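The values are calculated or read from the model by the stated rules, or taken from the named source; none is laboratory data. Note that the structure is a prediction, hence the values are computed from the model and not measured. Ideal geometry is used to build each Cβ from the backbone, glycine not excepted, and the neighbour counts take in all protein chains shown. All accessible areas refer to the heavy atoms of the entire protein, side chains included, with ligands and DNA or RNA removed. Shrake-Rupley method; radii C 1.70, N 1.55, O 1.52, S 1.80 Å.
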Amino acid sequence: MTIQPAIEIKNVSKVFKIFKDRPLTLKEKLLNLRSDAYTPFYALKNVSFAINKGESIGLIGHNGCGKSTLLSIIARILYPTGGTVKVNGRLSCLIELGAGFHPDFTGRENIYMNAAIFGMTKKEINKNIDAIIDFSELKEFIDNPVRTYSSGMYLKLAFSVAIHVDPEILLIDEILAVGDSNFQKKCFDKMKEFRRKRVTIVLVTHSLSSITEFCDRCLWLQDGVIRKEGSPKDVTDEYLQFMTGIQNAPKNQPSGYAQDAEIKDFSLQNKQGQRIETGLNANDNLTAEVSVLKKERSGPLKISLKFLSADNALLGETNTEKINFENQELKKIIFNVTNIPLNSGSYQVLACVDNENNQESCPAKELCLKINSERTSPGLVSLKYDWTTENL
């Protein structure tokens, strides 16, 4: 007997019409003051792949590559221009949290309405409503209108409804970081529980560490097509190197820089003094060497080292005081960073130079850094801690 995939995508394309000066009124239409001309935008181009039941797939790519469009097509929020999509199983979406909530209804009433949209019967909702309320941590506010909720409370309730649908297929689009840190941990733990139950998961995110932690396979979308498919580590490493290359590509006339300095060399080394770009263990020491050439007659320079996540969030920075350079003098600045407290994942390290007016003196240099860690705690930072109990 042939087992059907949970999701099957065959030659799916999606074209949006970008109108130029579309007529807005009947008068404009009659007088032909505006044109109906449009430019087609191909968000997806003949995309094909299948997802097995119980498999977790990550979708990555830069903004506008087609990730969210593909997820919306799988969820039947959008329909493809061409090709076919087959979904086998009960589906829940964590895409637009709270879509369908009515501001004047209470939290409890919105649970019934939103869960019904997801396909739950009233009997199923009655069975799960206590668990939904408990997970949302909103018991004392559940009978208040949701218009009185903060944005965090609103998202907590919406997330709680979506994950209690008992899905066979779960679609997630950049919404794992909901609520405070304690609630976020509950969300990550719930995702791990879904994986143990072999729920099919499709995750769209810019957090490459989440891809490597949660997914069995990764697809890299670029300009509406699948550029690479394979293991999360292989795909995310190549994607990060590609994005680093784009950011470091030389430009004919760089703008926004004082152009009074140049980074001639930038390297990362492990504690053995070996040059590395990947493969550093968590809590190891890191040495960064930045060679800077002073080009013009100006004041002192400040050299910075910045650590960024894969989605360009600043994780930490260290910098020198203002250093005096002679004109055309080349200096090497050595940063010793001890005990890198990062979880497993791919990161970016930037070397930057600012002049005495705090203006960037030249384009930054960027390297990819892969951190290997046995710890799998949520988030990017690996916190050191211990705990005890006391009888009260």
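Which net charge results for the neighbourhood of Phe105, defined as the other residues with beta-carbon distances under 11 angstrom from its beta-carbon, given Lys and Arg at +1 and Asp and Glu at -1?
-1
Around Glu289, with a cut-off of 10 angstrom between Cβ atoms, what is the net charge of the other residues, counting Lys and Arg +1 and Asp and Glu -1?
With Lys, Arg at +1 and Asp, Glu at -1, the net is +1.
Going down the table (Lys156/Lys306; Lys322/Lys365; Lys53/Lys197; Lys14/Lys67; Lys156/Lys186; Lys156/Lys197), which pairs top 21 Å between alpha carbons?
Those over the limit are Lys156/Lys306; Lys156/Lys197.
Mind checking which aspartates and glutamates have their Cα closer than 14 Å to the Cα of Lys17? Skip sequence neighbours fewer than 8 apart in that chain.
Cross-link targets: Asp36.
Looking only at region 62-89, which residues have a backbone nitrogen under 16 Å from a spot 7 Å from the Cα of Phe16 in the C-beta direction?
The answer is 62-74, 77-82, whose backbone nitrogens lie closer than 16 Å to the label point.
What order do you get for 151-158, 321-328 when each peptide is scored by the mean count of other beta carbon atoms within 10 Å, highest first?
151-158, 321-328
Have a look at region 52-92 and give its Rg and Dmax from the Cα atoms, expressed in angstrom.
Final numbers for Rg and Dmax: 11.3, 29 Å.
Under a straight-distance cross-link criterion of Cα-Cα below 22 Å, which lysines are reachable from Lys123, leaving out those fewer than 8 residues away in the same chain?
Partners found: Lys139.
Apply the Karplus parameterisation 6.51 cos²θ - 1.76 cosθ + 1.60, with θ equal to phi minus 60°, to every residue of region 222-237 and state each ³J(HN,Hα) to the nearest whole Hz, in sequence, with x for glycine and proline.
9, 6, x, 10, 7, 7, 8, 9, x, 5, x, 5, 5, 6, 5, 4
Which loop-located trypsin sites (Lys or Arg not before Pro) does region 48-122 contain, where loop means any DSSP state but H, G, I, E or B and the Cβ has at most 11 other Cβ atoms within 10 Å?
In loop regions of region 48-122 (DSSP not H, G, I, E or B), the sparsely surrounded trypsin sites (Lys or Arg not before Pro) are Arg76.
Quote the relative contact order of region 266-353 in percent (integer), defining contacts as alpha-carbon pairs under 8 Å separated by 6+ residues.
Relative contact order, region 266-353: 37 percent.
Give me, ordered by chain and number, the residues 5 or more places off Arg90 or on other chains with an amide H under 5 Å from its own placed amide H.
Amide H to amide H, under 5 Å and 5 or more residues apart or across chains, Arg90 pairs with Glu168, Ile169.
Which percent of the accessible area of region 45-107 is formed by carbon and sulfur heavy atoms (probe 1.4 angstrom)?
Carbon with sulfur: 49 percent of the solvent-accessible area.
Roughly speaking, what is the centre-to-centre gap between region 199-221 and region 100-125 when only Cα atoms are used, to the nearest Å?
If you average the Cα positions of each part, the centres end up 29 Å apart.
Between Rg and the Kirkwood Rh of region 279-341, both from Cα atoms, what is the Rg to Rh ratio?
Rg/Rh for region 279-341 comes to 1.06.
What order, most packed first, do the peptides 55-64, 262-271, 210-219 have when packing is the mean number of other Cβ atoms within 10 Å of each residue?
210-219, 55-64, 262-271
Sticking with the crude label model, points 7 Å out along Cα→Cβ, report the distance from Lys192 to Thr338 in nm, one decimal please.
3.1
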